[in-house]
Amino acid sequence: MNYTLHQLRIFLTISRTGSITKAAAELNLSQPAVSIQLRQFQEQFDVALVEVVGRKLYVTEFGQEIARAAERIIDEVYAIDFKTQAYKGQMSGRLRLSIVSTAQYFVPTLISEFYTKHAGIEWQIDVTNKARVVESLEKNEIDFAVMSILPDSLKVNTLDIMENKLFVVANTKASSPQRSRNWEQLQTMPLIYREVGSGTRTLLERFAEQYDLPARKKLELSSYEAVKQAVLAGLGVSIIPLVGIHRELEAGSLHIIGMKNFPITSQWRLVWLASKRLSPVAESFLEYLTEERHRLVRDHFSWMRKYR
């Protein structure tokens with residue numbers, strides 16, 4: 001066997017993405033370069049690693065076993081790099097995070113100091129919806145997730161980071177700010193939903209069931225930012241996490257409608273599999289957030305306290 005670490009990385013990325021095109025984009029390589037490396041890697045095995053059915057690439061059962069072995073090898077290489085850099089007083093390695101789309105408004109701030117201090121760390125952060133975050137956890141593709149609604153099907157450890165407050169929000173031209181309303185009074189204003197499976201949608205559905213709110217679905221969008229832009233455009237009202245609308249509230253382009261039993265409150269959490277063997281870098285990051293999260297929230301998100 002004469003396969004290289006480079007080929008192992010390429011095959012692992014192909015097996016995770018299920019696509020040569022996606023693997024090439026993630027690795028910043030050309031598609032022909034990835035295809036050549038895959039072919040050369042395959043030539044060293046008598047059993048097929050992948051197969052193409054209807055122009056779609058599938059990793060065989062044997063290929064999946066090789067991918068798992070490749071991941072273990074690469075993790076050990078990162079551990080060696082970490083120990084070498086740590087001996088020289090530096091830190092290196094890889095951190096893989098999957099975060100729900102709303103978390104993009106605060107996660108960069110939370111990691112900024114750690115990121116700057118440890119320039120040798122390679123970061124992979126996937127911003128997606130809750131369903132994909134849970135899938136990444138389940139498949140052990142990541143070190144940590146950031147989310148507010150915990151998966152029922154997985155045993156996980158968590159670290160509370162900060163409050164997640166959801167308010168009924170409207171375009172300033174569409175409704176008077178802070179005025180107390182009930183749902184019947186809002187029937188003339190279309191309600192804008194997140195897609196099924198998102199954390200925000202789950203919280204809203206639980207709230208609606210608890211308080212027996214009338215069923216309404218006027219417009220469904222697949223990202224937090226798309227919902228916010230729809231409300232800004234005056235298409236309707238929505239239930240929106242506070243953390244992502246600071247600028248719009250300060251500028252007066254959006255406002256909160258006072259509603260009984262609002263805000264809906266949960267917790268933003270760092271989440272990882274209970275069975276996960278954390279790498280040295282992941283352990284260091286967890287220790288950093290455990291010690292610094294309250295200070296970081298106080299320094300950067302104290303503005304949220306005035307919205308209750």
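The values are calculated or read from the model by the stated rules, or taken from the named source; none is laboratory data. Model, not experiment: these values are computed from the prediction. FYI the Cβ positions are ideal-geometry reconstructions off the backbone, even for glycines, and counts take in every protein chain you see.
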Seminar exercise, completed: Counting only residues that are surrounded by fewer than 18 Cβ atoms within 10 Å (Cβ to Cβ) and either of a type outside the set (Lys, Arg) or not assigned by TED's automatic domain parsing to the domain that holds THR200 (or both), the stretch 242-253 contains a total of 5
Exercise. If we scan the stretch 274-284, do we find a residue that is of a type outside the set (A, V, I, L, M), under 23 Å from TRP123 (Cα atoms) and at pLDDT 95 or above?
Worked result: no
Exercise. Does the stretch 89-101 include one or more residues that are modelled with pLDDT under 90, basic (Lys, Arg) and assigned to a helix (DSSP H, G or I)?
Worked result: no
Problem set entry | Residue among GLU43, GLU113 that alone is more than 17 Å from ASP143 (Cα to Cα) and either touching a Phe, Trp or Tyr at 6+ places or on another chain (Cβ under 9 Å) or surrounded by 12 or more Cβ atoms within 10 Å (Cβ to Cβ) (or both) | GLU113
Exercise. Does ALA70 fit the bill of being within 26 Å of the chain's Cα centre (by Cα), farther than 30 Å from GLU195 by Cβ and buried (at least 19 other Cβ atoms within 10 Å of the Cβ)?
Worked result: yes
Exercise. Any residue at all in the stretch 270-277 that is farther than 23 Å from PHE167 by Cβ and of a type in the set (Gly, Ala, Ser)?
Worked result: yes
Exercise. Under the condition of being touching a helix residue (DSSP H, G or I) at 6+ places or on another chain (Cβ under 6 Å) and either modelled with pLDDT under 90 or in a loop (DSSP other than H, G, I, E, B) (or both), which residue from the stretch 103-120 is nearest to ASN28 (Cα to Cα)?
Worked result: GLY120
For this session: Specify the residue that is nearest to the chain's Cα centre (by Cα); the eligible residues are those in the stretch 254-292 that are surrounded by 17 or more Cβ atoms within 10 Å (Cβ to Cβ) and of a type in the set (Ser, Thr, Tyr).
Result: SER266
Exercise. For the stretch 126-147, what are the residues that are out of contact with any strand residue (DSSP E or B) (no Cβ under 9 Å at 6 or more places or on another chain) and either part of a helix (DSSP H, G or I) or of a type in the set (Phe, Trp, Tyr) (or both)?
Worked result: ALA131
Exercise. Taking VAL133, is it within 12 Å of the chain's Cα centre (by Cα), touching a residue at least 60 places away in the same chain (Cβ under 8 Å) and under 19 Å from LYS276 (Cβ atoms)?
Worked result: no
Exercise. In the stretch 280-303, which residues are under 18 Å from GLN104 (Cβ atoms) and either among the polar types (S, T, N, Q) or not in a helix (DSSP H, G or I) (or both)?
Worked result: PHE301
